[in-house]
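Written out below as structure tokens is the structure these notes cover.
The values are calculated or read from the model by the stated rules, or taken from the named source; none is laboratory data. Note that the structure is predicted; figures quoted are calculated from it, not measured. Cβ: placed from backbone, ideal geometry, glycine included. Neighbour counts: every protein chain shown.
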Number of protein chains: 2
Amino acid sequence: MKAAGKGAPLRVGIAGLGTVGGGTLRALADNAEAIGLRCGRPVRAVAVSARDRHKERGLDLSACRWHDDPLALAADPEVEVVVELIGGSDGPAKALVEAALEAGKPVVTANKALLAHHGTALARLAEARDAGLYYEAAVAGGIPVIGLLRDGLAGNRVERVAGILNGTCNYILTTMRESGREFADVLAEAQALGYAEADPGFDIDGVDAAHKLAILTALAFGCTLDFEAVRVEGIRQISAVDIAFAEELGLRIKLLGIAARNGGGGGPGGGDGGGEATVSQRVAPVMVPLGSPLAAVEGVFNAVLAEGDFVGKIMAEGAGAGERPTASAVVADLAAIARGDRRAVFGVPAAALRRLAAAPVEDQAGAWYLRLMVIDQPGVIAEVAAALRDEEISVEALLQRGRDPGELVPVVITTHETSEGRMRRAVARIAALEACLEAPRLIRIESE
Amino acid sequence: MKAAGKGAPLRVGIAGLGTVGGGTLRALADNAEAIGLRCGRPVRAVAVSARDRHKERGLDLSACRWHDDPLALAADPEVEVVVELIGGSDGPAKALVEAALEAGKPVVTANKALLAHHGTALARLAEARDAGLYYEAAVAGGIPVIGLLRDGLAGNRVERVAGILNGTCNYILTTMRESGREFADVLAEAQALGYAEADPGFDIDGVDAAHKLAILTALAFGCTLDFEAVRVEGIRQISAVDIAFAEELGLRIKLLGIAARNGGGGGPGGGDGGGEATVSQRVAPVMVPLGSPLAAVEGVFNAVLAEGDFVGKIMAEGAGAGERPTASAVVADLAAIARGDRRAVFGVPAAALRRLAAAPVEDQAGAWYLRLMVIDQPGVIAEVAAALRDEEISVEALLQRGRDPGELVPVVITTHETSEGRMRRAVARIAALEACLEAPRLIRIESE
């Protein structure tokens, strides 16, 4: 890179002019000089596509051709790189990405749903056409976690990835804790503030985080994407009382996406013997110790913690969504393309991505928080303790706050590590007790 | 990258077989298969150099040629890439790096002192020989912060970088706070535990952090390195009483390296008009709010927080030193070379690195913590308040804990934002008061 900004411009076509598309155009314009110096050539938007040509977006599109049809943008010979910001796991977004890759054009996308569902096939297509598929913006917004895992940890065997991957959920949980209010109330406020969608299920039921986790899993472990194998639980069931008990126990509730590899050898997919590797992928509200780095990530922020055999634990934290942070990630990918970087889509060639079996739920080890609402009467605790004992589950703490004979009171139990199968069997037995009048709340405790 | 691991191996020569050199050899061996898949070719150590050939290091060097002279390693035609792990700003390390670059061989180094003192000249040499100079391991150990700034934030104008860049200092400050003990006591313990050197000045006087900050500054702002312009203050003067007052004020003392750009336009060095940009570079103990991400980084961990105009605030945290984390960073650089990445040494071509003037100390704005040890007698506070008033400094809080007429008592004042010049003039006047029996302690308060 001897010459500064003297190469031919990289000509970019952007499909989708929502917030991220607008932010990308602004970043390319505002920081054009710096980007040109960093890449050794200018990066220039030359074409755009969106549904409504006449909508006022506050963008200067004078240098861009307009395409009503995103496929025409992909076919435009002026366009060297396609940025897909349409969204959705299928339909026009998928057709556009496929068309661009088929034409041998690199693609930059922020579309986690598309990758979660079709990532392996798209990676194969990208490699077959020698085109490149970049998706820094698809996970954790502005945090360059894809680059961190793929490039920064290139010398590591990654064993575990854990992330706060949905800012809406983290905002709701943070606000519930700070205000002591209940979920429905805080959700309504988040919707009014624009932090949650009118139809919030995609976020609060954990689907969005699961899409992102499936991508991180493939990248971290060098395996094919398996979105269907992600166990997903959202935050609708979290109540103020559990948040308060967590604080009392020195814990904090976070919706985490966690992927862990178990067994297998030293290859990126556990390839060199040592038993068949499995992978567990979970999105669920969990409790983490107050002193852990993830506990300190509050509000709409995202964070990803990775554990590698050489680097140890490493965490990156920042804005997980929004026009400008997500645009920052899109431009990072464009800069990589402009510099001529060559990267396998999920870190290793698509043909080398291994299919890793899902770890059996039954065997997954963990400590647990269990909250019961029971009638305060003699003998109840003994019955609960017996159910745990019969599954060889060791109690770490038991909290029974306040006495109110004959009334419903919360009883909280934390356990030492046990298998999920044992825990769920014990809880089923406890739930059937006559004195147990509400469904027990079971939340996993992560050591971080 | 169609073919997996089928390219010719990248042949690496490693000079220096201390902990990081050993860790690098182990990482290349342990994760050879994964690294090969990720890079599209194997990365192989083929030659080593160290002072004592016969020392037992627990390393398998059977596949490596031995060179007593590092310059012979650089000249070895089998060696394509030189890893410099000798250390020191001059002498053999500098000679080796120069010889390798002169020969057109890319260099990977963990040597922050070398880069802080000679980075600009080495970047020019690397570019003149089209060789590449990589230094992920030189700053913040395993945290891939160089890649994060250079690649992940490529679309941003970076305005400020703040980091916990020295694990020894962070460990000492954390332990002082947790135990309430004094600096000298905790330092002695850290030395016994191997967390601090027998000659600790390099760490605790802030020199090591200053080396790293000078590198981050050049990379973040696209400017020439200017180590001499870093204002450096270590942690020897921090006492338990200041740590305790900080906690009471909702603050925590951290040794931070902070680089900020003031003024100038939108280019990487502030190049497109808008007044002449200046840069301030400081290493000093500062107080940060307890809720800020940097406050939560404890013990030997490092962290770097960057602020970009699109990404906003982003922080990465992890192990800042040690055999395996630092080796992880060295291998990340080797992987980049193996894949054929092309990167300007400090993000932009050396010829485009601008010389940015140091911001005048006098004008640097900030809020302050001031602790006085004064004789508890009527009128002292009034004299102190008058000194501040005369410099138009606004008091945010004043704490006088305990009354002990005629004895020495601590008085703590926090101020609203003012210029450093005003603050230092007021403190000079206060220090001269008859009732002020010890030198005042002045610590900057950062908003994060």
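Things to note:
- Tally of residues being of a type in the set (Lys, Arg) and modelled with pLDDT under 95 across the range B:280-310: 0
- Flag for B:Thr19 being surrounded by 20 or more Cβ atoms within 10 Å (Cβ to Cβ), under 20 Å from B:Glu136 (Cβ atoms), hydroxyl-bearing (Ser, Thr, Tyr) and touching a residue at least 60 places away in the same chain (Cβ under 8 Å): no
- Given (1) touching a Leu at 6+ places or on another chain (Cβ under 8 Å); (2) under 22 Å from A:Thr278 (Cβ atoms), number of the condition A:Ala303 does not satisfy: (2)
- Within the range A:140-186, restricting attention to residues that are assigned to a strand (DSSP E or B) and of a type in the set (A, V, I, L, M, F, W, C), the residue that is farthest from A:Arg343 (Cα to Cα) is A:Ile164.
- Test result for B:Ala351, within 14 Å of another protein chain (Cβ to nearest Cβ) and surrounded by fewer than 24 Cβ atoms within 10 Å (Cβ to Cβ): yes
- Just one of (1) within 14 Å of chain B (Cβ to nearest Cβ); (2) at negative phi; (3) touching a Leu at 6+ places or on another chain (Cβ under 7 Å) fails for A:Asn166. It is (1).
- Applying the condition of being surrounded by fewer than 24 Cβ atoms within 10 Å (Cβ to Cβ) and more than 7 Å from chain A (Cβ to nearest Cβ) to the range B:310-335 and asking which residue is farthest from the chain's Cα centre (by Cα) yields B:Glu323.
- Tally of residues being touching a Gly at 6+ places or on another chain (Cβ under 9 Å) and either of a type in the set (Phe, Trp, Tyr) or within 14 Å of chain B (Cβ to nearest Cβ) (or both) across the range A:357-389: 0
- Some residue of the range A:44-58 being at the interface with chain B (Cβ under 10 Å from one of its Cβ atoms) and either touching a residue at least 40 places away in the same chain (Cβ under 8 Å) or surrounded by fewer than 21 Cβ atoms within 10 Å (Cβ to Cβ) (or both): no
- Residues in the range A:18-60 that are in contact with a strand residue (DSSP E or B) (Cβ under 6 Å, 6 or more places away or on another chain) and among the hydrophobic types (A, V, I, L, M, F, W, C): A:Leu25, A:Leu28, A:Ile35, A:Leu37, A:Val43, A:Ala45, A:Val46, A:Ala47, A:Val48.
- Checking every residue in the range A:62-81 against the condition of being at pLDDT below 95 and under 22 Å from B:Asn156 (Cα atoms) gives at least one match.
- Taking the range A:84-95 as the range and being acidic (Asp, Glu) and part of a loop (DSSP other than H, G, I, E, B) as the test, only A:Asp90 passes.
- With respect to (1) aliphatic (A, V, I, L, M); (2) out of contact with any helix residue (DSSP H, G or I) (no Cβ under 7 Å at 6 or more places or on another chain); (3) at pLDDT below 95; (4) more than 24 Å from B:Asp205 (Cα to Cα), the lone exception for B:Ala359 is condition (4).
- Candidates are the residues of the range A:336-348 that are hydrophobic (A, V, I, L, M, F, W, C) and facing chain B (nearest Cβ under 7 Å); the one that is nearest to A:Glu448 (Cα to Cα) is A:Val348.
- Number of the condition not met by A:Ala338 [criteria: (1) buried (at least 18 other Cβ atoms within 10 Å of the Cβ); (2) farther than 30 Å from A:Arg150 by Cα]: (2)
- So A:Leu408, is it surrounded by 12 or more Cβ atoms within 10 Å (Cβ to Cβ), closer than 20 Å to A:Ala435 by Cα and touching a Cys at 6+ places or on another chain (Cβ under 7 Å): no
- Looking only at residues of the range B:262-279 that are crowded, with 18+ Cβ neighbours inside 10 Å and at the interface with another protein chain (Cβ under 9 Å from one of its Cβ atoms), we find that the one that is modelled with the highest pLDDT is B:Pro268.
Yes/no matrix, rows are residues, columns are (1) away from chain B (no Cβ under 14 Å); (2) farther than 22 Å from A:Leu17 by Cα:
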position	(1), (2)
A:Leu71	yes, no
A:Glu80	yes, no
A:Leu85	yes, no
A:Ala93	yes, no
A:Val107	yes, no
A:Gly119	yes, yes
A:Arg124	no, yes
A:Glu127	no, yes
A:Asp130	no, yes
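- Cβ-Cβ under 8 Å pairs, at least 6 apart or on other chains, the range A:424-439 side not assigned by TED's automatic domain parsing to the domain that holds A:Ser394, far side acidic (Asp, Glu) and loosely packed, with under 15 Cβ neighbours inside 10 Å: none
- The residues in the range A:110-128 that are surrounded by fewer than 24 Cβ atoms within 10 Å (Cβ to Cβ) and either in a loop (DSSP other than H, G, I, E, B) or in contact with a Pro (Cβ under 7 Å, 6 or more places away or on another chain) (or both) can be counted, and the count is 1.
- When the range B:84-107 is filtered for residues that are under 24 Å from B:Asp226 (Cβ atoms), within 23 Å of the chain's Cα centre (by Cα) and crowded, with 18+ Cβ neighbours inside 10 Å, the ones remaining, listed by number, are B:Glu84, B:Ala93, B:Lys94, B:Val97, B:Val107.
- Within the range A:293-309, the set of residues being more than 18 Å from the chain's Cα centre (by Cα) and assigned to a strand (DSSP E or B) comprises just one member, A:Gly308.
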